[in-house]
Amino acid sequence: MQNLFVYGTLLFPELVYALTQKSYKSTPALLKDYQVTEIFDEDIARSYPALTPMLGAEAKGKLLFDVDEKALGILDSYEGDEYEKITINLPVDGANYQAITYAWIGTGDEKLKGDWNPKEFESNHLSYYLNEVVPEVLEEYQILHRRRND
C-alpha cells in the first residue's frame, strides 16, 4: 500500500472509485516546487493537466492514503505513457508523508501554459471520463493483466 498525491482528474472521488471500485481516505495537500498546468496541442487544451517541477510553485491536490497495488496498476493504465511515477515527500498537517505521484514527461510536441481548471473539467469532461474513458481503461488493464498471467 502506498500514499498517492493526486492533482488533476483524480481529484474527483467518483472517478477514482469508478476506476478502482474503492474509496480512499484523503486530505488536502500542497506539493511545493511543482506546478499543475494545462497541456496544449497547438491551440487546443487537453482536458487533463501536467505536473511539472517549478521552483517556488505549489501544486494543489489531495493525498490519498493506502492505495493498494491493484488500484495502482489500474491507475498506471489510466495515466498512460505520458506520465512517470515518482516518489515525493509531502508535508501535511505537521507530518511528513512519503507518497508517489504521476509527473508529466509528455512527448515534446505539446506546450504547457496556464493553470489547469478542475471546475472546467468537472463541468465539461467528467461525465465523458466516467462513461467513456473509465471503461476503456479497465478493458485495457484487464487485457494487460491477462497477458502477464498467461
Among the residues of region 76-95, is there at least one that is without any contact (Cβ under 8 Å) to a residue 60 or more places away in the chain, in a loop (DSSP other than H, G, I, E, B) and farther than 20 Å from Y17 by Cα? yes
Qualifying positions in region 27-45 - closer than 27 Å to G108 by Cβ and either open to solvent by less than 20 Å² (accessible area, probe 1.4 Å) or touching a strand residue (DSSP E or B) at 6+ places or on another chain (Cβ under 7 Å) (or both): L31, K32, D33, Y34, Q35, V36, T37, E38, I39, F40, A45
Restricting region 3-56 to residues that are in a strand (DSSP E or B) and touching a helix residue (DSSP H, G or I) at 6+ places or on another chain (Cβ under 7 Å), the residue that is nearest to D76 (Cα to Cα): Y48
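Can you name the residue in region 106-116 that is in a loop (DSSP other than H, G, I, E, B) and in contact (Cβ under 8 Å) with a residue 24 or more places away in the chain and, of all such residues, is most open to solvent (accessible area, probe 1.4 Å)? Give the derivation first.
First, the residues of region 106-116 that are in a loop (DSSP other than H, G, I, E, B): 106-110, 116.
Still in the list and also in contact (Cβ under 8 Å) with a residue 24 or more places away in the chain: 106-107, 109-110, 116.
On the way: G106: 19, T107: 91, D109: 133, E110: 25, W116: 23 Å².
It comes out as D109.
Keeping to region 46-78, report how many residues are among the acidic types (D, E) and either buried (at least 21 other Cβ atoms within 10 Å of the Cβ) or within 14 Å of the chain's Cα centre (by Cα) (or both). Break it down into steps so the answer makes sense when it comes.
So in region 46-78, the residues among the acidic types (D, E) come out as 58, 66, 68-69, 76.
Imposing the further condition that a residue be either buried (at least 21 other Cβ atoms within 10 Å of the Cβ) or within 14 Å of the chain's Cα centre (by Cα) (or both) reduces the set to 76.
Total meeting the criteria: 1.
The values are calculated or read from the model by the stated rules, or taken from the named source; none is laboratory data. Keep in mind the model is a prediction, meaning the values are calculated, not measured. Virtual Cβ from ideal backbone geometry, glycine too; neighbours counted across all protein chains shown. Quick note on the areas: whole protein, heavy atoms, side chains included, nothing else; ligands and nucleic acids left out. Shrake-Rupley method; radii C 1.70, N 1.55, O 1.52, S 1.80 Å.
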